[in-house]
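Notes follow once the structure below has been shown.
The values are calculated or read from the model by the stated rules, or taken from the named source; none is laboratory data. All figures in this text were calculated on a predicted structure; none of them were measured in a lab. Quick reminder, even Gly has a Cβ in these numbers, built from the backbone with ideal geometry, and neighbours come from all protein chains shown. Note: accessible area is taken over every heavy atom of the protein model, side chains too, but ligands, DNA and RNA are not part of it. Shrake-Rupley method; radii C 1.70, N 1.55, O 1.52, S 1.80 Å.
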Amino acid sequence: MKKFTLRSLITLAILIPIAAVAHYAVFPQTTRCILIGFSAFQKTDGIYFSPETDALTQQNVDGYVAEGRIRIESLFGTKSENPVIIYCNSTDEFQKYGAEGNHPAVTQLSIFGEFVVINGTELERDVIAHELCHAELQSEVGWYKRQMQIPTWFDEGLAMQVDDRPWYSEDTLMAALSRGIRLPSLTRMTTPAIFNSGTEDQVWLNYAAAKHQIGNWYSKEKLRHFIRMMNDGAGFDASYK
């Protein structure tokens, strides 16, 4: 038994570093988020702030996150979970923890938890609430179901319910439809790559249409029932219908 235990410990000691390196190679930003506690970022009021973030900025971020959590609790009808919040001062920092390209915020989702990464160069309260919703959905149904079963159009449409940017409003969408623009077929948009493909106008339409679709479907009771069905083993289609 002692030999077996020793061999198991040695095997783990070898495999864990290999797995960590492999995870970093495939998901570098997510790995850095998981290890944020070992970085120079300073944790204040539950938020990891980039070094030298001034007090006023911290106060603004705290306020936006608190407001976002209120929106999430109202949408889901239950007290929201608390994903790890990471605030980056610069674009370079954001690309290390968030994503390449020009994004105001992203959510890194893993089996180890949810991480909302904020780009301080484009601080927006609606975007923070939007990303908190992505994190909350995973915390409600788990990583596997969120990743493998829930289509992107639903995930984004739900997040748009707490995103009040006027450009994606119902009035803006109706004005576009009155000019002859047609709603896209959302059901084929099962992945982020499909949902975010096309011109800037097409991507805008995808988000606005998803917001419209889920807005017509949504009630707290429906969403709670949807989550219960998913957690009881039902597929997405059955839970949504």
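Once the Cα atoms are used to define both axes, helix 125-141 deviates from the longest principal axis of the chain by about 60 degrees. GNM on the chain, alpha-carbon springs under 10 angstrom: the most fluctuating residue among L183, L223, L56 is L56. Let's test the formula: R0 of 41 Å, r as the Cβ-Cβ distance of T191 and D45. What FRET efficiency results, to the nearest 0.05? Efficiency computed from Cβ-Cβ geometry: 0.70.
Which entries of K96/K145; K43/K222; K79/K241 have Cα-Cα distances beyond 31 Å here? Over 31 Å Cα-Cα: K43/K222. Within the full protein context, the accessible area of V141 is estimated at about 10 Å² for a probe radius of 1.4 Å. A 1.4 Å probe run over the chain, with the rest of the protein chains in place, finds 55 Å² accessible per residue.
Express as a percent, rounded to the nearest 5, the fraction of DSSP beta bridges in the chain (both residues included) that run antiparallel. Counting DSSP beta bridges with both partners in the chain, the antiparallel share is about 55 percent. Pairwise Cα separations in region 92-241 fall into 10 Å bins from 0 onward with the following percentages, short to long: 11, 39, 37, 13, 1. Over the chain, with a Gaussian network built from C-alpha contacts below 10 Å, which listed residue (S50, S110, S74) shows the highest mean-square fluctuation? Residue with maximal mean-square fluctuation among S50, S110, S74: S74. Mind listing the phi-derived Karplus ³J(HN,Hα) values for region 162-169, rounded to whole Hz, using 6.51, -1.76 and 1.60 with θ = phi - 60°, and x for any glycine or proline? Values, residue by residue: 10, 10, 9, 4, x, 4, 9, 6 Hz. Q138 sits among other residues whose Cβ lies under 13 Å from its own Cβ, and their net charge, with Lys and Arg +1 and Asp and Glu -1, is -4. Taking the C-alpha atoms only, the angle from helix 220-231 to the longest principal axis of the chain is near 40 degrees. Sequence-ordered 3J(HN,Hα) estimates for region 43-48 from the Karplus curve with 6.51, -1.76 and 1.60 and θ = phi - 60° stand at 8, 9, 6, x, 10, 8 Hz, glycine and proline given as x. If R0 is taken as 25 Å, the Cβ-Cβ distance between L177 and E100 corresponds to a FRET efficiency of 0.15. Remark: region 66-75, residue by residue, has Karplus-estimated 3J(HN,Hα) of 4, 5, x, 5, 5, 5, 5, 4, 5, 5 Hz, where x stands for each Gly or Pro and the curve is 6.51 cos²θ - 1.76 cosθ + 1.60 at θ = phi - 60°.
Largest GNM mean-square fluctuation among Y168, Y218, Y207, using the chain with Cα springs under 10 Å: Y218. Summary of the geometry: region 115-175 and region 176-241, compared by the centres of their Cα atoms, lie 11 Å apart. Along the chain, counting only GluC sites (Glu not before Pro) with a DSSP assignment other than H, G, I, E or B and at most 12 other Cβ atoms inside a 10 Å radius, the longest segment between sites is 101-241. When only DSSP loop residues count, what trypsin sites (Lys or Arg not before Pro) in region 131-192 have their Cβ near at most 14 other Cβ atoms within 10 Å? Qualifying residues, ordered by number: R179, R182.
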